[in-house]
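A short worksheet on the structure shown next.
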Amino acid sequence: MREAVQKLEAEGYIDRVPMKGNRVRSLSPHELAHSFSIRKALETLAVQYSAIRITDGELACLEEILSRADILFASSSGDALLEGFIPLVRRFNSVTFEACRSKRLLEFIWSEREIFDRYRVMRSIIPVRAEKSLERRKELYEAFRRHNPEKARIIWTEHLDESFTIWREQSGYGKELEDFQFI
């Protein structure tokens, strides 16, 4: 148990409070905004490598995920749509990033994405733009199919730029982050 607590503390998830124990650490809006920038840098690099290195099997897997998403969008709406779509998004992202073939890059990506899961960022963005999210993934799939790293980078950059803007407004931090330079 002690080792687990030390690991959580070392990874920045908890703070030790003298004479009281531990408390879960939260990120400030600016820290979370910087995490968006870090994610953008890491993920756009990964999709470029993925566009070059993706296999036919991985392309077939992405195509199947997109097909399942189309069926879901045609047959569901509201919460049912979101509950079915979020796992498909996660699976699509997993195949996409794994295709980059860089263990180190993947470790960084999953570490940053864990922060977004903890703060439920995706759950605040996807309901606002589920159709656009699917459209972007279809565009990314086409860039992968053509093995076009520059097009993949452009698509994913636009996707993350839009996600950041939605998060900033939906989170209630719009005023606080209005001068934040999202790079």
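Rule-based calculations on the coordinates, nothing more; no lab input. None of these values were measured; they are calculated from a predicted model. Every residue, glycine as well, gets a Cβ built from its backbone with ideal geometry; the counts of neighbours run over all protein chains shown.
Helices meeting the span-like rule in the chain (full DSSP H runs, Cα extent of at least 15 Å along the helix axis, mean Kyte-Doolittle score of 0.0 or higher): 56-75, 78-98. Spin-label model, K20 to Q181: label points 7 Å out along the Cα-to-beta-carbon direction sit 3.6 nm apart. For segment 36-183, the pair-distance distribution built from all alpha carbon pairs, in bins 10 Å wide starting at 0, is 11, 41, 37, 11, 0 percent.
When the P(r) is computed for segment 1-118, the part past 18 Å accounts for 64% of the Cα-Cα pairs.
Taken along the Cα-to-beta-carbon direction at a fixed 7 Å, the label points for E169 and E150 span 3.1 nm. Among the lysines of segment 1-154, pairs that are 8 or more positions apart or on different chains and have alpha carbons within less than 28 Å of each other number 11.
Using a cut-off of under 17 Å, list every residue of segment 110-151 whose amide N is near the label point 7 Å from the Cα of R53 along the Cα-to-beta-carbon line. Counting only backbone N, you get 110-111, 144-145, 147-150.
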